[in-house]
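Single-structure report; data block below.
The values are calculated or read from the model by the stated rules, or taken from the named source; none is laboratory data. Quantities reported herein were computed from a predicted structural model and do not represent experimental measurements. A quick note on method: Cβ atoms are made from the backbone with ideal geometry, for glycine too, and the neighbour counts reach across all protein chains shown.
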């Protein structure tokens, strides 16, 4: 199995105040603190990496839902 990181188009410097307040990300991998309107820290990257590892180990997604909105709600309100 080969794992590749394909796109870092959302990356920004951690001291770029204007960029770190922009809320964006893939619904199943974005950290709940971003969804709850908290400031971005390096911890959100660790959370996303943990979601990727969960996918690789279990062959399933951490957050459930049929639509992006459902996945975001499960992400924001569940306690994985």
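Restricting to the range 49-80, and then to whatever is buried (at least 17 other Cβ atoms within 10 Å of the Cβ) and within 12 Å of the chain's Cα centre (by Cα), can you tell me which residue is nearest to residue 2 (Cα to Cα)? The selected residue is 51.
Yes/no matrix, rows are residues, columns are (1) at pLDDT 85 or above; (2) on the phi < 0 side of the Ramachandran plot:
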| site | (1), (2) |
| --- | --- |
| 12 | no, yes |
| 25 | no, no |
| 32 | yes, yes |
| 51 | yes, yes |
| 69 | yes, yes |
| 79 | no, yes |
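Scoring residue 21 on the criteria (1) at pLDDT below 65; (2) in contact with a helix residue (DSSP H, G or I) (Cβ under 8 Å, 6 or more places away or on another chain) leaves a single failure, condition (2).
Can you give me the number of residues within the range 34-49 that are within 17 Å of residue 78 (Cα to Cα) and modelled with pLDDT under 85? Quick ask: steps written out before the conclusion?
Pass one, the range 34-49, residues within 17 Å of residue 78 (Cα to Cα): 34-38, 44, 47-48.
Now narrow it down to the ones that are modelled with pLDDT under 85: 34-38, 44.
Of the residues in that region, 6 qualify.
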